Amino acid sequence: MDLYSYLNEIKGKAYRDDKIKSYSLLRIYPQIDNSRKLKGNSRIIGDSEKTVQNTIIDMIISISARYLLDYKEIAYVLLTTKCESGFNPDAAAGTTSAAGLAQGTAAFISDAKQNSNKILGFTLDLDGLNIFDAEKGCYALIYSFILNRNKTLQYFNKNQPGYWTWLYILHHDGINSLDQYIDGKRKISKDGNDVAEYIIERLPIVEGLLKDNSVSTSFKLTTGDDTPVTNKQYVVTVSLSPNPLCPNTVSTLDNPLIFFKGKTDGEGKTEAINVLTGSEIIFTI
């Protein structure tokens, strides 16, 4: 069993037309933009090609590592995505305004536009068809996780079961739901609690697969019109220190580094570089 086959989602069930609300993005944007490389086959959860799902899994890991999430947290984000959209960037709910990889609602989209700069360092605009953009969707997932983590840490520490439960419930029920629950003004939704239990049960498996997964990758250097740049000297830098808690980074931690020097081949590619999943690679020409 590998990380991708464990996380890959199958196509879910379509909404009956009479169940689709007028404010659902499934109703507003029924057609898929087929000009994009990372797209779904429909607005149904899990209805995207395995190559698309695997690329999105890679993107989530890469962006999560950039924001210094540890392996367990990355596993949580991946499992959240599996439950929400099945790694289909074009997924949309029929009974709510939820859409995209994170299944963000209209309220979530508005919140992200106002507050994402504090967490991500830039303004995340998910308005309109942006909600179906795969890269923006990955950032939406990371934004939601960090936002919910900050809120949950006000009431729990990471060693308490409630911490891991509320990370998802906040995503499902809204960022204010925990405050309201503590004040006795709100109950936990059954759907939110059930999915949280699903994620927690599978966290050790996905975390283990992340830690044990070595990947071989190479860079391809091209011009703006995709012409390969051949015979170009480059230097690649990776961290030499194994880290049992989180992916290795080059730019933010004081780790011993290793350097690879070479030239791009006839296709503009570097030699293959073997690293653990999520490790940061600095590529210099």
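Overview of values
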| quantity | calculated |
| --- | --- |
| Whichever lysines have a C-alpha closer than 17 Å to that of Lys158, once near sequence neighbours (fewer than 8 apart) are set aside | Lys72 |
| Selected from Glu135, Glu197, Glu73 as most flexible by GNM, with the chain as the system and alpha-carbon contacts under 10 Å | Glu197 |
| Two-site label geometry, Val250 and Gln31: point separation in nm, points 7 Å out along Cα→Cβ | 4.3 nm |
| Accessible surface of the chain [probe 1.4 Å, protein heavy atoms]: carbon and sulfur percent | 51 percent |
| Calculated P(r) tail over 18 Å for segment 90-162, as whole % of Cα pairs | 40 percent |
| Label zone at Leu257 (point 7 Å along Cα-to-Cβ), backbone N below 13 Å, segment 217-239 | 235-239 |
| Modelled FRET efficiency - R0 45 Å, Asp212 with Ser22, Cβ distances, 0.05 increments | 0.45 |
| Cα lying deepest toward the dipole's positive end in the chain, options Ala65, Tyr198, Val215, charges on Cβ | Tyr198 |
| Semi-axis lengths, Å, the chain, gyration tensor of Cα atoms, sqrt of 5 times eigenvalues | 34, 24, 17 |
| Contour minus Cα-Cα distance for Lys50 and Tyr163 (0.36 nm per residue) | 37.5 nm |
| Reachable aspartates and glutamates, given that their alpha-carbon falls under 17 Å from the alpha-carbon of Lys39 and they are not under 8 places away in the same chain | Glu9, Asp47, Glu49, Asp58, Glu84, Asp90, Asp133, Glu135 |
| Stretch gain in nm, segment Asp191-Thr96, where the contour uses 0.36 nm per residue and the Cα spacing is subtracted | 32.8 nm |
| Qualifying trypsin sites (Lys or Arg not before Pro) for segment 177-285 [loop in DSSP, other Cβ within 10 Å: at most 10] | Lys185 |
| Size descriptor, Kirkwood hydrodynamic radius, that averages inverse alpha-carbon separations across segment 161-229, Å | 15.4 Å |
| Segment 205-273 versus segment 146-179: alpha-carbon centroid distance in Å | 34 Å |
| Residue-averaged [θ]222 nm for the chain, counting only DSSP H segments that reach four residues, each worth -39500 (n - 2.57) | -13000 deg cm²/dmol |
| Most to least accessible of Ile45, Ile131 (protein chains only, probe 1.4 Å) | Ile45, Ile131 |
| Around Gln160: net Lys/Arg minus Asp/Glu count, Cβ-Cβ under 15 Å | +4 |
| Residues of type aspartates and glutamates that Lys185 reaches as a straight line, Cα spacing below 15 Å, ignoring anything fewer than 8 places off in the same chain | Asp173 |
| Size descriptor, Kirkwood hydrodynamic radius, that averages inverse alpha-carbon separations across segment 126-197, Å | 13.0 Å |
| For segment 1-137, fraction of C-alpha pairs farther apart than 20 Å, in % | 44 percent |
| Taking segment 192-285 and dividing mean pair separation by its residue count, relative contact order in percent (alpha carbons under 8 Å, at least six apart) | 37 percent |
| Spin-label model distance (nm) - Asp183 vs Lys220, 7 Å beyond Cα toward Cβ | 5.4 nm |
| Solvent-accessible area of Asp226 with every protein chain in place, 1.4 Å probe, in Å² to the nearest 10 | 120 Å² |
| Among Gly104, Gly224, Gly121: highest mean-square fluctuation, GNM of the chain, C-alpha pairs under 10 Å | Gly224 |
| Helix axis angle, 71-84 relative to the chain longest principal axis, alpha carbon, degrees | 50 degrees |
| Rounded accessible area per residue of segment 112-157, 1.4 Å, Å² | 44 Å² |
| Segment 9-77, relative contact order [Cα under 8 Å, separation at least 6], % | 27 percent |
| Sequence-separation-based contact order of the chain, relative, with Cα cut under 8 Å and 6+ spacing, percent | 16 percent |
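The values are calculated or read from the model by the stated rules, or taken from the named source; none is laboratory data. Computed from a prediction, not measured in an experiment: that's the story for all the values here. Cβ sites come from the backbone with ideal geometry, for glycine too, and all protein chains shown count toward neighbours. What goes into the accessible areas is simple: the full protein's heavy atoms, side chains included, and nothing from ligands, DNA or RNA. Shrake-Rupley method; radii C 1.70, N 1.55, O 1.52, S 1.80 Å.
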